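What follows is a short report on a single structure.
What follows draws every value from the coordinates through simple rules; no lab data is involved. What you are looking at is a predicted structure, and each value in this text was computed from that prediction instead of being measured. We place every Cβ from the backbone using ideal geometry, glycine too, and count neighbours over all the protein chains shown.
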Amino acid sequence: MSENDGFGADTRGAMPEDFVTRLFLFRHGEVEGMGAREVRGQRDVALSGHGREQHRQLAQWFGGEAVTRVISSPLVRCRELGEALSAAAGLKLELEPALTEQHMGAWQGRTWDEISRTEGRAINDYWDDYWHAAPPGGESMADMAERVLEWWQKHEPELRGGRIALVTHAGVIRALLASFMGLAGGEALRFAPPPARLTTVAHSGGGFVLEGLGLGPDVLRREYKGPLRIALSGSAGTGKTTLGRALAAELDLPFIEERMRLRLEGGLNIGSLDYHALEALNRELWEEHRALELAHPGGFVCDRSSLDFAAFRLHYGFFEGEEETARFFEHAIEHAATYSHVLVFPHGVLPLEADGVRLPNPWLQLRFQLCVEGLTERHIARDRHLEVPATRDLAARLAWARLALSTA
């Protein structure tokens, strides 16, 4: 399995095999009659106006996410989302009847209240053993799970190693998750995927990992308890500024520019500075950066973290005053704990351009990168330390960031 597959270290550690299949399980949006608690089953009911808007937002939020296949239930409430996702990914939508909802027989099109009033003992029998009991003329949840899992087992070899979007129904997602997590079928109702939400599962020869349940465009702020304080770390030319600006715009957060970049673009000749002037500049830049972070208590995306400034001290060898250096590191590490997430960018993926701002020597940049990686790995908790995938595609990086920030 590649270190650049977009998974965190914990997930990779739980998946020792050399393949990973990632499943994106989408439940369709709100349909007409949902508020009346109507039994839909396999009735081909249309989306409500709100459901169509949910699909638009969900498809825009998810983007292409570099999926390799998009497979949907043929029912219109799923197919419309499948069409939007496949169009974003540049793929042909595949319709799969095995992914349709449980057939609810004679109860389809009626409300649960009406069924409860008229069916007497039958409705009690159904809820007493919903896994095995079937509505008149319909299928039990066990029947539905059997066809869904038969489809999965048949097609898993050809899906292996891919990034597969499945657009389907609550019952299908419940059946898959119960099986993947090793639960008895009767435990399937423990999972409650909301409408127009995403559930993510990673699979390898070592088993399944449930990465996220109920993800969507409005979940990120709601799930993280506190303001989003996102810091970007890495050497020059790794794409921090480009992704940071795009991410800040998407999250409607201020973007804090790298202060050294502004000075260099303003004409500073860093090569003219001696040891002491360069050390003073690093401290000055850190104090400016910290003040800007404190000026945005509601959250931000910032180009550089406090540990980057500590890495600069290691990189340039600012060790003459040991006590002062110790205090600098103590304050930088303490401040790093205030970030909600730190995104660490990989070295050597993007071409290093001699643009008058970045130092074009790749070995100098590599030395700084190793300092940054060592400090962030040592001092940033694993659930807040996110490794940006090694791709040049900004859209793929932005799509990764959406999911990574939602699940971290």
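Structure notes:
- Net charge of the neighbourhood of Thr199, taken over other residues with C-beta under 12 Å away and scored Lys/Arg +1, Asp/Glu -1, is +3.
- Relative contact order [Cα under 8 Å, 6+ residues apart], region 220-407, whole percent: 35 percent
- Relative contact order of region 9-217, pairs being alpha-carbon contacts under 8 Å that are 6 or more residues apart, as %: 33 percent
- Between Gly237, Gly267, Gly138, the residue with the greatest mean-square fluctuation in the GNM of the chain (Cα pairs under 10 Å linked by springs) is Gly267.
- A full extension of the chain between Gln57 and Glu114 corresponds to an added length of 17.1 nm, given 0.36 nm per residue minus the alpha carbon distance.
- Crossing angle, helix 306-316 versus the chain [Cα axis fit, 0-90 degrees, rounded to tens]: 40 degrees
- GNM top mover of Ala142, Ala277, Ala248 - the chain, alpha-carbon springs below 10 Å: Ala277
- Between helix 141-159 and the chain there is an angle of about 40 degrees, using the helix long axis and the longest principal axis of the Cα atoms.
- With each label modelled as a point 7 angstrom along the Cα→C-beta vector, the Ala295-Ser272 pair spans 2.6 nm.
- Estimated [θ] at 222 nm from DSSP helical runs (n ≥ 4, -39500 (n - 2.57)) normalised by residues in the chain, nearest 500: -13500 deg cm²/dmol
- DSSP-defined beta bridges in the chain - what % are antiparallel, rounded to 5: 35 percent
- Between the helical axis of 170-180 and the longest alpha-carbon principal axis of the chain there is an angle of about 70 degrees.
- Whether region 9-217 is rounded, prolate or oblate, judged on the alpha carbon gyration tensor where a/c under 1.5 counts as rounded: oblate
- Across the chain, the mean sequence separation of Cα contacts (distance under 8 Å, 6 or more residues apart), normalised by length, yields a relative contact order of 19 percent.
- Across all directions, the average flat footprint of the convex hull enclosing the Cα atoms of region 167-257 is 8.8 nm².
- Neighbours of Glu139 by Cβ distance under 12 Å: Lys/Arg scored +1, Asp/Glu scored -1, total -2.
- Kirkwood Rh and Cα Rg combined as Rg over Rh, evaluated for the chain: 1.08
- Charge dipole magnitude, Cβ of K and R +1, D and E -1 - region 220-407, Cα centre, debye nearest 20: 700 debye
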